[in-house]
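Below is one structure, written out as structure tokens, with a few remarks after it.
All of the numbers you see were taken from the coordinates with simple rules; none came from a lab. Bear in mind the structure is a predicted one, so any value in this text is a computation, not a measurement. With ideal geometry, Cβ positions are generated from the backbone for all residues, glycine too; neighbour counts draw on all protein chains shown.
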């Protein structure tokens with residue numbers, strides 16, 4: 001059984017706490033956060049602390065906090081044993097500044113406390129400084145997910161950029177689409193089957209081959225008509241993405 005201490009209380013930590021508590025071969029011994037008030041984020045069976053110098057003994061210490069706080073926070077860890085990992089996609093392994101062995105445990109998913117998560121389907125990427133720690137991290141990740149990948153810091157940073165395009169930017173497009181619908185008193189729900197079909201199609205077909213629409217056809221008449229009906233940033237985004245699609249498909 002792998003003994004684990006979780007450090008953090010945000011969205012990622014919230015979901016990790018739940019899955020750690022429910023996984024048979026993980027001994028979830030402690031969770032740390034600055035404010036140790038029990039507001040439902042923590043399992044009642046798990047030891048809680050807000051004292052950084054009172055961490056329990058564990059095999060793995062998982063830091064799930066904001067990216068820009070990882071280095072300074074890890075400097076405070078007076079640990080010489082165990083493996084300390086962070087959960088960031090954009091920060092390298094070297095961001096950890098503690099004396100203990102270091103690694104990365106990055107679950108690639110969007111997290112919010114309101115949305116339940118099936119960790120078995122979430123890809124987890126791992127990285128460690130040596131083969132022994134890599135083996136431990138792989139065993140740890142496999143206990144909660146069916147999809148575990150060993151990648152280095154440079155690869156993970158590129159993966160995170162790709163994830164921003166695939167998730168964050170895509171969601172922003174949904175937001176713009178909803179604003180356009182709202183401005184014309186159109187129910188956004190009408191677009192949801194289209195959104196679902198697009199998402200499902202990319203699971204089976206290369207995204208480049210799945211592309212449709214005016215830019216795919218290089219239909220300048222429709223593109224110009226659409227551009228004449230929008231303004232500001234939306235117009236700039238529409239023109240830029242249309243140009244990108246045309247260039248990509250003709251390259």
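Taking only the alpha carbons of the stretch 100-160, what extent do you get along each of the three principal axes, in Å, biggest first?
The principal-axis extents, from largest down, are 36, 26, 21 Å.
What value, in deg cm²/dmol to 500, does the helix sum -39500 (n - 2.57) over DSSP H runs of n ≥ 4 give at 222 nm once divided by the residues of the chain?
-11500 deg cm²/dmol
Remind me, relative contact order of the chain in percent, using alpha carbon pairs under 8 angstrom and six or more residues apart?
Reported as a whole number, the value is 12 percent.
Give me the percent of Cα-Cα pairs in the stretch 2-151 that sit more than 23 Å apart, rounded to a whole number.
27 percent
Give the angle, between 0 and 90 degrees and rounded to the nearest 10, that separates the Cα long axis of helix 153-163 from the longest principal axis of the Cα atoms of the chain.
That works out to roughly 40 degrees.
Would you please report the Å³ per residue occupied by the convex hull of the alpha carbon atoms in the stretch 157-249?
Taking the convex hull of the Cα positions in the stretch 157-249, it is 113 Å³ per residue.
Among 80, 198, which comes first, second and so on when ranked by fewest other beta-carbon atoms within 10 Å?
Going from sparsest to densest Cβ surroundings: 80, 198.
Please quote Rg/Rh for the chain to two decimal places, taking the Kirkwood radius as Rh and restricting both calculations to Cα atoms.
1.06
So which residue, out of 148, 202, 62, gets the largest mean-square fluctuation from a GNM of the chain using Cα contacts under 10 Å as springs?
Sorting by GNM fluctuation, first place goes to 202.
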